[in-house]
Amino acid sequence: MGDKTMEQHQTVPQALAQKVIVIGGGAAGFFGAIACGEACADCQITLLEAAPKVLAKVRISGGGRCNVTHHCFDPALLVQNYPRGGKALRGAFSRFQPQDTIAWYKKRGVRLHTEADGRMFPVTNDSGTIIHCLMAEAQRLGIRVQTKSAVQRVERQDGQFRVILRSQEVYGCDRLLLATGSSPQGYAIARSLGHTLEPPVPSLFTFNVPDPHLHNLAGIGLDSVRVQLSLPGVPPLIQTGPILITHWGLSGPVILKLSAWGARVLHDAGYQGTLQINWLAHLPLEQLRQRLQDARKESPKRAIANYCPLEVPQRLWHYWLHQVGLDPTLTWANLPKSALNQLVSAISKGTFHLRGKGVFKDEFVTCGGIKLSEVNFKTMESRPCPGLFLAGEVLDIDGITGGFNFQSAWTTGWLAGQGLCQESSA
């Protein structure tokens, strides 16, 4: 796509005047409703949200800053950040990708900035900026937004949809966008309209590690750690990146990536497994060994607890010494070769037991959802149920942390918005 913006490559067939209902007031639903409103000025669009407020995940994302997208503009590279759905998104990202997200918000007065790790946030560092922008666009386009409007069921008859709320109110429409995230009710509606689901299980979560001595290191983080996760009956999963020690175990990007790529097998294993950690992945093994050996020569009379030849927090150094069972008053000169080898092993091949998962704050992400083979990714229209469109996490798509889940929501929502205004392609 090069440097083309959304406005340059937007080609939409003649729009149809019709009634459209969007179920779900999250990122995908809002973006889909707005895209539909822009492509078809005559459409009557109603957005129904079960909760008292819309855009809840947008509000809490990134600690309230909203990680809008990621600074990766090559679709072939972008899809590598999706444990599920990457193949289906390849073509979708050629039509609407992070560059287009940036241009879309910029056109509406919202600028984004990029952090060192590629994550992109509004320059205000306030998720309210994104929410205000989306709400203002919906209002400008005359989209009717209804909260506290939980949908009980959807019926389809003679090419039309009847949307029945729990309040027993009934709405009719020609086209329907289902963007209910990982809501069980959304999955139930999808099934009732002919879809099958990949069973939903959690993704993006922290690891519980029952090691009280490790818990005492809560708050310590390292930038380059290699973690290998071993589970029964499957090849080991390996990731490298920053880690954070917590009062219950392990967190940080490297752990969240492992939880995403291993979401299905971790669930099947009951979140029980073995972790092998190289705490200093940037340091080749022989260099690590040499640094410890040099300490014996350079500081022979110093106690091993008082002199650490590595650039790590002192608490972590003491933890490794404790793991090996070394007397902290032992001097470097008296450190046996066997103990030095054990220390190298503790640092480069530390073994821990995974015994359960935590949650990643309130930013739940789910692996599973509507099977992607049942969706036309050019328009996001349902194959078994023409007139039904799908976007966001209700689909079997999930990304790692870093703005990728929001990008798939913007992309599938935008495509669905265009599709809602076209002749049926299913």
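Values in this text are rule-based calculations from the coordinates and carry no lab data. Note that the structure is a prediction, hence the values are computed from the model and not measured. Positions of Cβ are generated from backbone atoms using ideal geometry, with glycine treated the same way; all protein chains shown enter the neighbour counts.
General remarks:
- Between K378 and K301, residue separation times 0.36 nm minus the direct Cα-Cα distance comes to 20.7 nm.
- Sum of -39500 (n - 2.57) over DSSP H runs of 4+, divided by residues of the chain (222 nm, nearest 500): -9500 deg cm²/dmol
- S230 paired with T331, simple spin-label distance in nm, labels 7 Å along Cα-to-beta-carbon: 3.9 nm
- Loop sites in region 30-120: GluC sites (Glu not before Pro), DSSP, at most 16 other Cβ within 10 Å: E115
- Structure remark: mean-square fluctuation, Gaussian network model of the chain, C-alpha springs under 10 Å; the largest value among L193, L372, L176 belongs to L193.
- Here Q152 and K371 are evaluated by their C-beta separation; at R0 = 30 Å the FRET efficiency comes out at 0.80.
- In sequence order, region 194-210 has phi-based couplings of x, 8, 10, 10, 7, x, x, 9, x, 9, 6, 9, 8, 10, 8, 10, x Hz under the Karplus curve 6.51 cos²θ - 1.76 cosθ + 1.60, θ = phi - 60°, and Gly or Pro positions carry x.
- Distance from region 21-44 to region 87-149 (C-alpha centre basis), Å: 14 Å
- Length added when fully stretched, E169-H282, from 0.36 nm per residue minus Cα-Cα: 34.6 nm
- Lysines whose Cα lies under 25 Å from that of K257, excluding same-chain neighbours fewer than 8 positions away: K57, K87, K349, K357, K361, K371
- Mean separation of Cα contacts under 8 Å (6+ apart) over length of region 291-426, as relative contact order %: 18 percent
- In straight-distance terms, cross-link reach from K378 covers every one of the aspartates and glutamates whose alpha-carbon lies under 13 Å from its own, apart from those fewer than eight places away in the same chain; here that gives E423.
- With the cut-off at under 18 Å, measuring from each backbone N in region 212-238 to a point 7 Å along the Cα-to-Cβ line of H247 picks out 212-221.
- For region 205-359, averaging the sequence separation of C-alpha pairs within contact (under 8 Å, six or more residues apart) and dividing by the residue count gives a relative contact order of 31 percent.
- Extension gain, D223 to K106: 0.36 nm times the residue separation minus the Cα-Cα distance gives 38.9 nm.
- Span from the region 377-426 Cα centroid across to the region 310-376 one, whole angstrom: 39 Å
- Between S345 and H322, the simple spin-label model (points 7 angstrom out along Cα→Cβ) gives 2.0 nm.
- Between T196 and Q44, the modelled label-to-label distance comes to 3.8 nm, taking each label 7 Å out from Cα in the direction of the beta carbon.
- With θ taken as phi - 60° and the Karplus curve 6.51 cos²θ - 1.76 cosθ + 1.60 applied, the whole-hertz 3J(HN,Hα) list for region 217-227 is 8, 3, x, 7, x, 10, 7, 9, 10, 9, 10 Hz, x standing for glycine and proline.
- Where a label projected 7 Å from the Cα of V123 along Cα→Cβ would reach, residues of region 42-70 with amide N under 19 Å: 65-70
- Cysteines having no other Cys beta carbon under 4.7 Å from their own, within the chain: C36, C66, C72, C133, C173, C308, C367, C385
- Gaussian network model of the chain, springs between alpha carbon atoms under 10 Å - residue of N81, N376, N334 with greatest fluctuation: N334
- Mean-square fluctuations from a GNM of the chain, with a 10 angstrom spring cutoff on Cα atoms, peak among D294, D74, D398 at D294.
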